[in-house]
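The values are calculated or read from the model by the stated rules, or taken from the named source; none is laboratory data. This one's a predicted model, so the numbers in the text were calculated from it and none came from an experiment. Here the Cβ positions follow ideal geometry from the backbone for every residue, glycine too, while neighbour counts run over all protein chains shown.
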Amino acid sequence: MKYAVLYAPTATGYSAHVPDLPGCIGAAATLEETRLLMKEAIEGHLECMRDFGYVIPKPTTVAEELEIPV
């Protein structure tokens with residue numbers, strides 16, 4: 001499955017979250033580090049959900065960049 005991950009710059013690097021998996025978040029000094037951590041975070045999040053008998057939600061969030069003239 002492919003889940004949308006939203007990244008945002010912070011004062012110390014980047015943070016990220018997965019809208020379809022509440023509580024699945026991560027942060028690191030670089031965008032690349034944050035991407036790697038989020039892959040692990042999603043895998044761990046889904047593993048915990050399975051362990052506790054929760055239904056794994058299907059990805060529904062769609063992310064898109066729109067260019068707007070300013």
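For segment 1-45, a residue qualifies if it is within 20 Å of V62 (Cβ to Cβ), in contact with a Phe, Trp or Tyr (Cβ under 9 Å, 6 or more places away or on another chain) and among the hydrophobic types (A, V, I, L, M, F, W, C), and the qualifying residues are A8, A16, V18, L21, C24, M38, I42.
Among residues of segment 49-70 being at pLDDT 95 or above and among the charged types (D, E, K, R), the one that is nearest to Y3 (Cα to Cα) is K58. Looking only at residues in segment 23-48 that are in contact (Cβ under 8 Å) with a residue 12 or more places away in the chain, more than 11 Å from the chain's Cα centre (by Cα) and surrounded by fewer than 16 Cβ atoms within 10 Å (Cβ to Cβ), the one that is nearest to A4 (Cα to Cα) is L31.
Only one of the numbered conditions (1) surrounded by fewer than 10 Cβ atoms within 10 Å (Cβ to Cβ); (2) in contact with a Leu (Cβ under 8 Å, 6 or more places away or on another chain); (3) over 18 Å from M1 (Cα atoms) is violated by A11, and that is (2).
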